[in-house]
Amino acid sequence: MQLYSYSVKSLFPFLFGYTEIGLTGTKLGCGEGGCGACTVMVSYFDQNLKKCVHHAINACLAPLYSVEGMHVITVEGIGNRKAGLHPIQESLARSHGSQCGFCTPGFVMSMYALIRSSKEPPTEEQIEESLAGNLCRCTGYRPIVDAFRVFAKTNNALYTNTSLQGITTGEFICPSTGKPCSCGPKAESSEETIKRNLSNDCGWRPFSYNETDGTTYTSKELIFPPELLLR
Ligand code: FES
Ligand code: FES
């Protein structure tokens, strides 16, 4: 059972039971909705809109019953050491948007919820608004906002659909250099391309690729659990 992709009926295991299952990403800071360190993303299927809706929430404030039947994703669910970091995490790290790191999972999840809800790259105002509930006591915010702004404006391939299930070719701006680069995720599927991407000089790895045959890019984004569509 992967709790970071588990359709829970209780949010608290994500916060207070995580030490037993190794999910230490979500942080408990203020415990009263003021810092955003505990941010997770919840998703549900809106029967009126007929689509999945995603929200970043403060897990410390969410009553147990409020996430009944919802899909809850913690920071471990979007990227980790085994599966590789999500581009958002990678962009933040490369832009020096994380120092002590305590706030970082919260910022990442706020940004993740924003792009999961966006058909187009969010504006700078939307990014800043989405991060309004996240506090950082180390970075001064500028590197964080810059990391997400550059990421959102230049990685258009991630917005081909709202669930980020597809990655297509598009101009890619390297989050390390801020310049066009060939190191980003590609739709092309040759082994040479994958090898080039994996060994490029700026170190940006493709978001995901088929590890079995090494030729086809696939998304590792967690999907909305089909069983929750029926609720
Ligand atoms: Fe600070 Fe939840 S722990 S907002
Ligand atoms: Fe230390 Fe943000 S990096 S609080």
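Taking SER66 as the residue in question, decide whether it is within 15 Å of ligand 1 (Cβ to nearest atom), farther than 15 Å from LEU23 by Cα and of a type in the set (Gly, Ala, Ser).
On the way: within 15 Å of ligand 1 (Cβ to nearest atom): yes; farther than 15 Å from LEU23 by Cα: yes; of a type in the set (Gly, Ala, Ser): yes.
It is true that SER66 is within 15 Å of ligand 1 (Cβ to nearest atom), farther than 15 Å from LEU23 by Cα and of a type in the set (Gly, Ala, Ser).
Do we have GLU76 as open to solvent by 20 Å² or more (accessible area, probe 1.4 Å), touching a residue at least 60 places away in the same chain (Cβ under 8 Å) and among the acidic types (Asp, Glu) here? Let's see the steps before the verdict.
Details: open to solvent by 20 Å² or more (accessible area, probe 1.4 Å): yes; touching a residue at least 60 places away in the same chain (Cβ under 8 Å): yes; among the acidic types (Asp, Glu): yes.
Spelling it out, GLU76 is indeed open to solvent by 20 Å² or more (accessible area, probe 1.4 Å), touching a residue at least 60 places away in the same chain (Cβ under 8 Å) and among the acidic types (Asp, Glu).
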SER98 passes all but one of the listed conditions (1) part of a loop (DSSP other than H, G, I, E, B); (2) more than 20 Å from PHE148 (Cβ to Cβ); (3) of a type in the set (Gly, Ala, Ser); the exception is number (2)
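Just for region 106-142: of the residues that are within 10 Å of ligand 2 (Cβ to nearest atom) and in a helix (DSSP H, G or I), which one is surrounded by the fewest Cβ atoms within 10 Å (Cβ to Cβ)? So that I can check it myself, show each step before the final result.
Residues of region 106-142 within 10 Å of ligand 2 (Cβ to nearest atom): 106-107, 134-141.
Still in the running and in a helix (DSSP H, G or I): 106-107.
On the way: GLY106: 28, PHE107: 30.
Within region 106-142, the match that is surrounded by the fewest Cβ atoms within 10 Å (Cβ to Cβ) is GLY106.
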Looking at (1) closer than 17 Å to ILE223 by Cα; (2) modelled with pLDDT under 90; (3) of a type outside the set (Phe, Trp, Tyr), can you tell me which one ALA113 breaks? (2)
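Name the residues in region 123-137 that are within 16 Å of ligand 1 (Cβ to nearest atom) and either closer than 14 Å to THR104 by Cβ or of a type in the set (A, V, I, L, M, F, W, C) (or both), would you? So that I can check it myself, show each step before the final result.
So in region 123-137, the residues within 16 Å of ligand 1 (Cβ to nearest atom) come out as 130-137.
Once the filter is applied, which keeps residues that are within 16 Å of ligand 1 (Cβ to nearest atom) and either closer than 14 Å to THR104 by Cβ or of a type in the set (A, V, I, L, M, F, W, C) (or both), region 123-137 yields LEU131, ALA132, ASN134, LEU135, CYS136, ARG137.
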Would you confirm whether any residue within region 49-71 is at pLDDT below 85, of a type in the set (A, V, I, L, M) and farther than 18 Å from PHE224 by Cβ? yes
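The values are calculated or read from the model by the stated rules, or taken from the named source; none is laboratory data. For clarity, every value in this text was computed on a predicted model and none was experimentally measured. In this analysis, Cβ positions are derived from the backbone assuming ideal geometry, glycine residues included, and neighbour counts consider all displayed protein chains. What goes into the accessible areas is simple: the full protein's heavy atoms, side chains included, and nothing from ligands, DNA or RNA. Shrake-Rupley method; radii C 1.70, N 1.55, O 1.52, S 1.80 Å.
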